[in-house]
Each structure stands twice: as C-alpha cells, then as structure tokens.
Amino acid sequence: MPDFLKGFGQRTDSFSPRESEDKTSTRKRPRGAFSRSLAIAFASVALLTAGLAGVLLSAVWNYQFEGYVRDNLQTVADSISQTVTSLYPDYGFGLTTLTQVPDYSSQSIGVQMLNSKNEIVYSQASSRQRGSVVATQGAAVLDAASLLQPTGTTVTSQITVNGEKVGTVRVWGYGTTALMTSRDSNFRQGSLIGLAVAALVALILSGLVGLWYAGRLVRPIARITATAQALRGGNEKARTGLQPYDEIGFLGTTFDEMADAIEADREVERRLTADVAHELRTPLQAIQATVEAMQDGVLPADDERLGIVRSETMRLARLADGILQLTRLECGSLPMELSRMDLSATVRLAVDMHEALFETRKIVLSVDIEDAVFVNGDADRLQQAVSNLLSNAARYTSAGGRVGVRVRREDGEALIEVLDTGIGIAEEDMPRVFSRFWRADAARGRSSGGLGIGLAVTKEIVERHGGVIGVARRLYGGTIFTIHLPLI
C-alpha cells in the first residue's frame, strides 16, 4: 500500500450536528406548586407509615394481651380446680365447696363449674353483665337458660379425684382487659398516646423536610426554566451553568449543550442566508454588468460576451438545482430506488468518471477496492455521493498531490474512504464541513466553480441509506472522508 494511504483504518468521530428547532412552551410557570405537592407527598407518606405502624402495633398488642389474659384465666381456672378437688371428697359440689370459690365478678371474669355429665352446677358472672353469684343448694342442677353463657376467651381445667374426672371448671373473660392491672392499662394507654405523638411529630418533620428537599429540586429546575425563557426571548448566550452532580444537574448540562448546538445552528442559518445572497449576487452582477455594457455600446455583443452571460446563467441554474436537490433530500421527497447492489462496482464507475480530471490536474490517483461488497441502496445516488467526494478532493489538492479511494468490509459494515493530500481542514471547522455553502478555502472554491453544497448533499444521501459519514484530518496532512453503510 502506498505511504500516503496510511491512516485509512482510522475511524472518525467528527460528525456534523443535525439542524434543530427550539419550540418552547409559552404557558406561565406556577409558583410553589411543586414544593407544596412534594411536601404534601412527604407528609402523606409519614401519615400512612404512622397509621400502618399503629395498626400493626395494635394487632401485636391484641395478640400479646390475648395470650396474657388467657394465661391469667388459666391460672384462675387451675386455682379453682385445685380448691374444689381438695374439698370434693368430703363435700362434693355442695355449698361448703362452692362458697370457697373466690368472687371474680368485679374483675370482668365469668366462672362456671360443670359436673361429670357436663351439667352446670355453679355460675358466676361479672357484676357488669346480667347475673351474679348463683350456687346450688346441695347438688341441684341449675337452669342453663337462666345463666349467662361464656363469651370471648374461655379456658377450662378438669377436676380430678383419685384419677377420675368428676367435673370441669370453665373460666372466661369479658374483652382483653380481664385481670389486667392498672399498670398494664397505663402502659397500653401510654403506648397509644406515644404513637399518636410520634405520628404528629413525623407529620410535621416530613412536611418541613419535604419543603426543604423540594426547594433543592426546584432551584435547578427554575434555573433551567429561566434559561429556556431567556433563549426563547432571544438571549442566545443564556445557560443554566449547572454541573452534572446528579440527574437534574446532568439535565441542565445537556440543556446547555443543546443551547450551544442551537446557537451554532442559528449561526449557520445566518451564514447560509449571507452565503446564498452572495452566491446569487456574484453571477447576477456579472450578467448585469455585461448586458449593460453591451447596451451602452461599451462592449460588443459578440460570442465572447454572450458566452460570459451564458456561463453565469448556467452557474445560477446549477446553484438553484443544487439547493433544490438538497432541500428535497432533507425533506425526504427525493425518491430513492433501493435494491441490492454491488457498492464496489458503483465506486469504480465514479472513479473512472474522474480519472481524466485527476490526470488533467496532475494528481496521482490510487484505488484499493474490495470486490463484491453488497449493500441495499440507490446506485445512482451513491455514485453521486462518491463523485462529490472525488470532485472535492481534486479541487483542493494541488498538482503533484495524491488522492486515494478504498472500499472494504469492516465490522459488518461497508466502508468507503476517500483521502487526499490537499490543504486540509482546520480543527475548528470540522463541525461545519457538511453545512451548506461551507468551503475550506472560500475564494478558491468560487474560482474553481464549487457551489459549497456538495458535501451537504453527500451527507443527506448517506443518511437516507442508513449510513454515517465522517471527516477527519489525516496524520500526514490532508483530509479523509469515511462512509459507513450497512452490509446485506
């Protein structure tokens, strides 16, 4: 491979930015709505958490106190059973035995005693319920219909004498407060009050934290909004100045980068307007001056003068056609006849068409094209894109210079490279290479007939084929253009 082809394998990263349009909303920004909403959200979460904690705590308390009450009731039942067991051999279920049963009516406890036939022989109910101490005279069985039936937590304890079951003691409590001491009640009440106070404090603190945190969020968002409004008002230098420490900071940085791109695009638009006016004015002035001179008799109306008018008119026509073609490509209205095609053959055809031009300019042309590189594309448009690159290389390469063309497969893509040893492109001009009417050497471009839209057209053709075009400065001087197209 010739030395001047070195650097062919370098991939390029300098791509032109796409044109963008800023469409800012004109709605008035609400004041403090976000802060209030976030504070309410924080307070709601705190309230919900406190409520859920209260429900869970109450459930746990109820479960624990139910076990506590059951254990207490079981102790009472076992105590009564032991008392009756000791008296039963001598007195049975007589009055002497039953009067030894302690009175629990004031402690929300009910007590019943059943004989071996499960018949109620004794019943004691809470004084706050219907009924009180009822006992038998002798061993008479009580009327169950007139007695209070057990409710709530109920425990039993067998009365066993000489290994034989002679009866059962049944004890129950009314609610979960049975046999609870004042200390138990105070603890439970104090815990509920503490939970309520904690919920209130959490509600206040969460609201304050929500306001503080919302302020931290709102300030950078407000800066982004103010910057957007300033940009909409015409201040192209407005920037947020945020640093990418978090997601909002990254958003602000991205917004600033977008603003830089918009400012660059607007600058390109201003330059475009000036360039179009200049491109049109130059041939029109030449035509006007020539025609006026012929009308005034200063110059003869011969073939030479008419040739100048014709040449300038053709230049205007080429300029109009180029702008129209570029506009249609950008709008997608220019049809593309895509089909499976051999990119190698298309590039060879474009090179053959420019061989005479390179020979005339005394430029050495080197070609390295891999065979059978197939892509899905429009052969005529891709040939036009390669021809634009070759014409550009010939225009900006001096006599004795070199131009190279290479086609190959690389990483699942078709790669076209066109390099030259010409005047090169300054680093600061890289982002504008594919802009309309941009030239590396404006005066030289006009004198050689360049319109300054060939690269813009090439870029649109490549992107319509799903590809990417890039440009970079060559390590040994000059420029290298690279086109990547998907293989099929």
- Quick one: which residues, 5 or more positions from Ile369 or on another chain, have an amide H under 5 Å from its amide H? H modelled 1.01 Å from N in the peptide plane, none for Pro or chain starts. Val407
- Given a 1.4 Å probe and the protein chains all in place, what does the accessible area of Leu242 round to, in Å² to the nearest 10? 30
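Would you mind classifying segment 182-262 by shape? Square roots of the alpha carbon gyration tensor eigenvalues, ordered a ≥ b ≥ c; an a/c under 1.5 is rounded, otherwise it is prolate if a/b is larger than b/c and oblate if not. Walk me through the intermediate numbers first.
Values: a/c = 8.60, a/b = 4.56, b/c = 1.89.
Prolate.
Hand me the trypsin sites (Lys or Arg not before Pro) from segment 230-315 located in a DSSP loop with no more than 15 other Cβ atoms within 10 Å, in residue order please. Present the calculation step by step, with values, prior to reporting the outcome.
Working: sites: Arg232, Lys237, Arg239, Arg266, Arg270, Arg271, Arg281, Arg305, Arg310, Arg315; in loops: Lys237, Arg239.
Those that pass, being in a loop and sparsely packed, are Lys237.
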- Message: If amide hydrogens are placed 1.01 Å from N in the peptide plane, which non-local residues have theirs closer than 5 Å to the one on Val161?
- Response: Val166
- Once phi is turned into θ = phi - 60°, what whole-Hz ³J(HN,Hα) does the Karplus curve with 6.51, -1.76 and 1.60 give for every residue of segment 44-57, x standing for Gly and Pro? 5, 5, 5, 5, 4, 5, 5, x, 5, 4, x, 5, 5, 5
- Query: When the Karplus curve 6.51 cos²θ - 1.76 cosθ + 1.60 is applied with θ = phi - 60°, which whole-Hz ³J(HN,Hα) does each residue of segment 394-400 get, with x for Gly and Pro?
  - Reply: 5, 5, 10, 10, 6, 4, x
- Message: Checking the a/c ratio against 1.5 first, then a/b against b/c, what shape does the Cα gyration tensor give for segment 317-415?
- Response: oblate
- Amide hydrogen neighbours beyond the local backbone of Gly422, cut-off 5 Å, H modeled: Thr479
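Using a/c under 1.5 as the rounded threshold, could you call segment 338-488 rounded, prolate or oblate? The axes a ≥ b ≥ c are square roots of the C-alpha gyration tensor eigenvalues, and prolate needs a/b larger than b/c, oblate otherwise.
Verdict is prolate for segment 338-488.
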- From phi via Karplus (6.51, -1.76, 1.60), per-residue ³J(HN,Hα) for segment 315-323 in Hz, x at Gly/Pro: 5, 4, 5, 5, 5, 5, 5, x, 5
- Message: Per 0.36 nm of contour for each residue apart, how much would the distance between Ala301 and Arg281 grow if the chain were fully extended, relative to their Cα-Cα spacing?
- Response: 5.0 nm
- Item | Rounded Å value of the spacing that divides the Cα centres of segment 285-360 and segment 215-244 | 47
- Message: Let me cross-check Asp246: its accessible surface, 1.4 Å probe, with only protein heavy atoms counted, in Å² to the nearest 10?
- Response: 80
- For segment 269-418, what's the relative contact order in percent, using C-alpha pairs closer than 8 Å and at least 6 residues apart? 20
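The values are calculated or read from the model by the stated rules, or taken from the named source; none is laboratory data. Every value quoted in this text rests on a predicted model; they were computed, and no experiment measured them. Here Cβ is always computed from backbone atoms with ideal geometry, including for glycine, and neighbour counts include all displayed protein chains. For the accessible areas, the whole protein counts, side chains as well, though only heavy atoms, and no ligand, DNA or RNA atoms are used. Shrake-Rupley method; radii C 1.70, N 1.55, O 1.52, S 1.80 Å.
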